[in-house]
1. Quick one: is Leu72 out of contact with any Gly (no Cβ under 9 Å at 6 or more places or on another chain), within 21 Å of Glu248 (Cα to Cα) and modelled with pLDDT of 95 or more?
2. Pick out the one residue from Gln191, Gln209, Gln205 that is touching a residue at least 60 places away in the same chain (Cβ under 8 Å), closer than 19 Å to Leu268 by Cα, among the polar types (S, T, N, Q) and not assigned by TED's automatic domain parsing to the domain that holds Thr43.
3. Out of the residues in region 50-69 that are touching a residue at least 24 places away in the same chain (Cβ under 8 Å), surrounded by fewer than 16 Cβ atoms within 10 Å (Cβ to Cβ) and not β-branched (Val, Ile, Thr), which is nearest to Asn234 (Cα to Cα)?
4. Which pairs have Cβ atoms under 7 Å, sit 6 or more apart or on different chains, and link a residue in region 97-115 that is within 25 Å of Ala258 (Cβ to Cβ) and in contact (Cβ under 8 Å) with a residue 12 or more places away in the chain to one that is of a type in the set (Gly, Ala, Ser) and part of a strand (DSSP E or B)?
5. Scanning for something closer than 22 Å to Val216 by Cα, touching a strand residue (DSSP E or B) at 6+ places or on another chain (Cβ under 9 Å) and not assigned by TED's automatic domain parsing to the domain that holds Asp210, does region 70-86 turn up at least one residue?
6. Given the conditions (1) touching a helix residue (DSSP H, G or I) at 6+ places or on another chain (Cβ under 7 Å); (2) at pLDDT below 95, and given that Pro212 satisfies all but one, which numbered condition is not satisfied?
7. Working carefully through the options Asp117, Asp110, Asp148, find the one that is within 30 Å of Trp252 (Cβ to Cβ) and either part of a loop (DSSP other than H, G, I, E, B) or among the small types (Gly, Ala, Ser) (or both).
8. Hey, does region 17-40 have a residue that's out of contact with any helix residue (DSSP H, G or I) (no Cβ under 7 Å at 6 or more places or on another chain), at pLDDT below 50 and either among the aromatic types (Phe, Trp, Tyr) or not assigned by TED's automatic domain parsing to the domain that holds Arg257 (or both)?
Amino acid sequence: MKKTRFLSMALATLMLFTFLPLSNAMASEKGLMMATTTSTDNTGLLDYLMPQFKKDTGIAIKWTATGTGKALKLGQRCDVDVLLVHAPPAEKKYIDAGYGKNRREIMYNDFVIIGPDTDPAGIKGKNVRDALETIRKNKATFVSRGDDSGTNKKEKLLWNATGKPLPEKENWYVQAGQGMLSTINVTEERQGYTMTDRGTYIKYQSQKQDQPMLKVLVQGDAILLNQYSVVGVNPKNCPNAKYALAMEFSDWMAGPRAQKLIGEFRLLGKPLFTPNAK
């Protein structure tokens with residue numbers, strides 16, 4: 001009986017010392033939680049960059065991909081430590097409200113309006129305002145993300161710039177309530193039009209290859225610039241936010257190594273993002 005108890009105690013002690021180093025290692029690993037937009041995730045950019053970030057800094061980063069509006073709310077609720085988003089006006093309001101700190105521009109691409117190659121509404125080559133007015137006049141199907149993402153915020157701004165209200169009650173205006181790739185797929189099914197960031201469109205192209213697909217019909221207007229920025233969660237609002245690690249991430253993304261990697265990231269031989277950290 002005593003021998004059995006001794007063996008049990010010895011085994012328990014051995015197991016304790018076996019697991020302690022692993023537990024200590026896990027506890028000491030630096031970790032960071034990020035909220036980001038679907039475009040940085042869908043395009044594969046984060047899967048490409050984040051292993052290099054961990055290699056260079058030792059910081060393990062996890063992220064949740066959602067619309068920028070929801071990402072900002074995650075930061076406001078202290079559910080994440082850092083944001084990588086693309087809605088500058090909303091980001092600035094977020095910082096002014098005391099939820100964010102140290103916004104840093106990292107990269108950009110642009111928005112484009114895509115639609116069927118047949119272009120039933122006849123918008124190809126028009127400027128953005130005229131294209132949207134033509135879609136409205138012809139009651140051509142337009143699929144909006146409808147999810148308060150950075151893309152959705154920009155789309156609403158463009159409709160408002162036409163001087164007429166957002167056509168959200170019109171039958172031809174469809175709100176998908178989904179991410180960008182899913183919204184493009186809905187648009188393709190309905191043979192309609194939508195607005196997307198160019199990076200996600202190139203990802204869509206890479207998936208379609210030789211199959212019929214939606215084409216870029218409107219592009220190039222200055223208002224279609226799509227700026228991405230890193231924003232730290234303000235520790236005054238979220239005392240447990242890992243602000244120091246968030247700044248390490250921000251510094252790394254703005255540094256020469258990450259900027260070079262971003263510039264080299266391509267699909268179908270095309271760049272998806274252009275680095276522009278200052």
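The values are calculated or read from the model by the stated rules, or taken from the named source; none is laboratory data. Quantities reported herein were computed from a predicted structural model and do not represent experimental measurements. In this analysis, Cβ positions are derived from the backbone assuming ideal geometry, glycine residues included, and neighbour counts consider all displayed protein chains.
1. no
2. The match here is Gln205.
3. Here the residue is Lys62.
4. Close Cβ pairs (under 7 Å, with a partner that is of a type in the set (Gly, Ala, Ser) and part of a strand (DSSP E or B)) amount to Gly100/Gly232; Lys101/Gly232; Asn102/Gly232; Arg103/Ser229; Arg104/Ser229; Glu105/Ser229; Ile106/Ser229.
5. Among the residues of region 70-86, at least one is closer than 22 Å to Val216 by Cα, touching a strand residue (DSSP E or B) at 6+ places or on another chain (Cβ under 9 Å) and not assigned by TED's automatic domain parsing to the domain that holds Asp210, which makes the answer yes.
6. (1)
7. On inspection, the qualifying residue turns out to be Asp148.
8. There is at least one residue in region 17-40 that is out of contact with any helix residue (DSSP H, G or I) (no Cβ under 7 Å at 6 or more places or on another chain), at pLDDT below 50 and either among the aromatic types (Phe, Trp, Tyr) or not assigned by TED's automatic domain parsing to the domain that holds Arg257 (or both).
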